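Engineer: Here it is, the structure in full.
The values are calculated or read from the model by the stated rules, or taken from the named source; none is laboratory data. Note that this is a predicted model, so its numbers are computed, not measured. Methodologically, a virtual Cβ is constructed for each residue, glycine included, from the backbone with ideal geometry; neighbour enumeration extends over all protein chains shown.
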Amino acid sequence: MTRIITVASGKGGVGKTVIAANIGITLSMYGKDVTILDADIAMANLELILGMEGMPVTLQHVLAGEASVDEAIYTGPGGVKIVPAGISLEGLRKVNPDLLENVLLSILERTEILILDAPAGLEKSAIIALASANELLLVVNPEISSITDGLKTKMVAERLGTKLLGIVVNRVTSSGIEMAKKEIEAILEGRVVAVIPEDPEVRKSAAFGQPVVLRSPNSPAAKAIKKLAAKIGGVEYREEKEAKETAISRFLRIFRR
Ligand SMILES: Nc1ncnc2c1ncn2[C@@H]1O[C@H](COP(=O)(O)OP(=O)(O)OP(=O)(O)O)[C@@H](O)[C@H]1O
Ligand SMILES: [Mg+2]
């Protein structure tokens, strides 16, 4: 059975798109057949993070009845399949969100893992993304408002029959996170499966339209995201070798000639 994982939150801007994109790419590099669909139809930005904007056919066309799903599936970084939502305001007007469920059903036949980059909040397309999934990856920032809003999303998901795969605490800066992690688990009644640090490489990568796991694979955020992907995929996490040559290895290389 295809796994459908929705990456969702209560509050906006917590890091859902960054996490959905980068775990999708990592799982795909681990040999999984993964599709990421931008379910944030109104505020699509998965394609921007991946540097894949301007695709001729997007989910907007499919939801307007103008194209088939197959035409809107593209191969992205690391071999992951991407369904971009499209960022045109004009295109957005023609979209019928009620068609999203059928689109998701037809993608299921074509992939092993479907990752949904959900919109924030609990509007219609957010509910569809929660209801269509069988697993919820709940993203929160270590702030009380983000966590309480996350709780609402988790409760709605569970009422819709979607079980919590885990909580991801993103943009962590404090060193006292161990305590905060316990508090978060107590409030949300779930397990924290990843703690991702605040990392300037994430924003830099986004600005270049390059996923952080590829652009800066050894940055702290990329490592945490890759560990999370390995956990989700049930594969062993392996540290990548530092691409940069250290002073000692350079010295040895020169003198061993
Ligand atoms: N670990 C991190 N360190 C630093 N910046 C981060 C981190 N995670 C995300 N960001 C930045 O936070 C911003 C929001 O991230 P993102 O777009 O992934 O959030 P979102 O939850 O998808 O937002 P929305 O609800 O609007 O869809 C981006 O500018 C991103 O680069
Ligand atoms: Mg987003």
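Engineer: What residue, among those in region 202-220 that are within 16 Å of ligand 2 (Cβ to nearest atom) and assigned to a helix (DSSP H, G or I), is surrounded by the fewest Cβ atoms within 10 Å (Cβ to Cβ)?
Structural biologist: Ala207
Engineer: Just to check your reading of the model, which residue among Gly76, Gly91 is modelled with pLDDT of 95 or more and either farther than 29 Å from Tyr30 by Cβ or surrounded by 22 or more Cβ atoms within 10 Å (Cβ to Cβ) (or both)?
Structural biologist: Values: Gly91 fails: modelled with pLDDT of 95 or more.
Of Gly76, Gly91, the one residue that is modelled with pLDDT of 95 or more and either farther than 29 Å from Tyr30 by Cβ or surrounded by 22 or more Cβ atoms within 10 Å (Cβ to Cβ) (or both) is Gly76.
Engineer: I would also like to ask the following. I need a count of the residues in region 129-145 that are among the β-branched types (Val, Ile, Thr), away from ligand 1 (no atom under 11 Å from the Cβ) and crowded, with 22+ Cβ neighbours inside 10 Å.
Structural biologist: 0
Engineer: Out of curiosity, is Ala42 within 12 Å of ligand 1 (Cβ to nearest atom) and over 16 Å from the mean Cα position of the chain (by Cα)?
Structural biologist: Taking the combined requirement at face value, the residue satisfies it.
Engineer: I would also like to ask the following. Tell me whether region 175-187 contains one or more residues that are touching a helix residue (DSSP H, G or I) at 6+ places or on another chain (Cβ under 7 Å) and either closer than 18 Å to Gly12 by Cα or surrounded by 14 or more Cβ atoms within 10 Å (Cβ to Cβ) (or both). So that I can check it myself, show each step before the final result.
Structural biologist: Going through region 175-187, the residues touching a helix residue (DSSP H, G or I) at 6+ places or on another chain (Cβ under 7 Å) turn out to be 184, 187.
Checking the rest, the ones that are also either closer than 18 Å to Gly12 by Cα or surrounded by 14 or more Cβ atoms within 10 Å (Cβ to Cβ) (or both) come to 184, 187.
Yes - at least one qualifying residue is present in region 175-187.
Engineer: While we're looking at this one, here's another question. Quickly run through region 1-60 and pick out the residues that are within 25 Å of Gly150 (Cα to Cα) and among the basic types (Lys, Arg).
Structural biologist: Arg3, Lys11, Lys16
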